[in-house]
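Report on one structure; see the data block that follows.
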Amino acid sequence: MAKNPKAPTVARSTIDITPLRQANLPIIFILGGPGSGKGTQCAKIVEKYGYTHLSSGDLLRDEVASGSERGKQLTDIMQRGELVPLDVVLDLLKEAMLSKLSTSKGYLIDGYPREVAQGIQFESEINPCALVIYFEVSDDVMTARLMNRGLTSGRVDDNEETIRKRLDTFHKHSLPVVEHYGSKCRTISAEAHPDEVFQKVSEALETLS
Ligand SMILES: Nc1ncnc2c1ncn2[C@@H]1O[C@H](COP(=O)(O)OP(=O)(O)O)[C@@H](O)[C@H]1O
Ligand SMILES: [Mg+2]
């Protein structure tokens, strides 16, 4: 039977991730709405604990910028305004994790899983996560921070209308991820100064070692 010509096809990776699975380094999912401070806190964690910081959005943007065949296929999908297949995001994460394996003490997976299904797929194909950290911030504070970030970030999605949509998507799809992980998830109130937030992040991470 002919394939649905509209279904986006992107080449799947064939890399062997056995070494990654066997190393069994701690994997930490970092959750929070747009502007909740994930990037800010991850930078501090990297500095103090030597974990590897991976953001799925950055990996996608890098792949497109690389001009690879897969990057071109992604560009087409994104230009049609369609969703990038889950498998492709997971492939990019696997490849990045494997390439950092020899120098990594563990992985911070920032802004992922975006929905419960992604988390289930990641954990079954790689390894279960050790911990989930969720940065809780009110919509008003996230909006104010992003409007401020938009003054200098150059990110096309840091504007009022897109911010509202991103907050909606976060509430609908990503908050259920927090519930899904139950007691594996530490909720950290993240409206205070970054250093104060990091104090609580450190306490959560110390429970791992
Ligand atoms: N605890 C905080 N207090 C005040 N501003 C913050 C705090 N954490 C981050 N910010 C600012 O908010 C904006 C969004 O932070 P960022 O780390 O990029 O969030 P995310 O990666 O979750 O989208 C940035 O301009 C950042 O400097
Ligand atoms: Mg970020």
field: Accessible-area ranking of LEU98, LEU93, largest first, probe 1.4 Å
entry: LEU98, LEU93
task: Please list the equivalent ellipsoid semi-axes of the chain, computed as the square roots of five times the alpha-carbon gyration tensor eigenvalues, in descending order and whole angstrom.
output: 27, 23, 16
- prompt: Mind listing the phi-derived Karplus ³J(HN,Hα) values for the range 125-139, rounded to whole Hz, using 6.51, -1.76 and 1.60 with θ = phi - 60°, and x for any glycine or proline?
  reply: 8, 10, 8, x, 6, 8, 7, 10, 10, 10, 8, 9, 9, 5, 4
- prompt: Reachable lysines from LYS38, Cα under 20 Å, same-chain residues fewer than 8 places away excluded?
  reply: LYS48, LYS105, LYS165, LYS172, LYS184, LYS200
- request: Give the long-range amide H neighbours of TYR134: residues separated by 5 or more places, or on another chain, with amide H under 5 Å away, using H modelled in the peptide plane at 1.01 Å from N.
  value: LEU31, ARG186, THR187, ILE188
query: To the nearest 500 deg cm²/dmol, what mean residue ellipticity at 222 nm is calculated for the chain from DSSP H runs of n ≥ 4 alone, each contributing -39,500 (n - 2.57), summed and divided by the residues?
result: -15500 deg cm²/dmol
task: Please list, in chain and number order, the residues 5+ apart from ILE27 or on another chain whose amide H is under 5 Å from its amide H, with Hs placed from the backbone.
output: TYR107, ALA130, LEU131
message: Can you compute 3J(HN,Hα) from phi for each residue in the range 19-28, using the Karplus curve 6.51 cos²θ - 1.76 cosθ + 1.60 with θ = phi - 60°, rounded to whole Hz and x for Gly and Pro?
response: x, 5, 5, 5, 5, 6, 5, x, 10, 10
Highest-fluctuation residue, THR152, THR18, THR143 considered, GNM on the chain with Cα pairs under 10 Å: THR152
Per residue solvent-accessible surface (Å²) - the chain, probe of 1.4 Å: 54 Å²
Choice from SER55, SER13, SER124 with maximal GNM fluctuation in the chain (Cα, 10 Å cutoff): SER124
statement: Note, the range 110-116: 3J(HN,Hα) by Karplus (6.51, -1.76, 1.60, θ = phi - 60°), whole Hz, Gly/Pro = x, goes 8, x, 8, x, 6, 8, 4
query: Considering only protein heavy atoms and a 1.4 Å probe, what is the carbon-and-sulfur percentage of the accessible area of the range 4-155?
result: 52 percent
- prompt: Anyone know which of GLU179, GLU196, GLU161 comes out most mobile in the 10 Å Cα GNM of the chain?
  reply: GLU161
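The values are calculated or read from the model by the stated rules, or taken from the named source; none is laboratory data. Predicted, not measured: the structure shown is a model, and the values here were computed from it. The accessibility values were calculated without ligands, DNA or RNA, using every heavy atom of the protein model including side chains. Shrake-Rupley method; radii C 1.70, N 1.55, O 1.52, S 1.80 Å.
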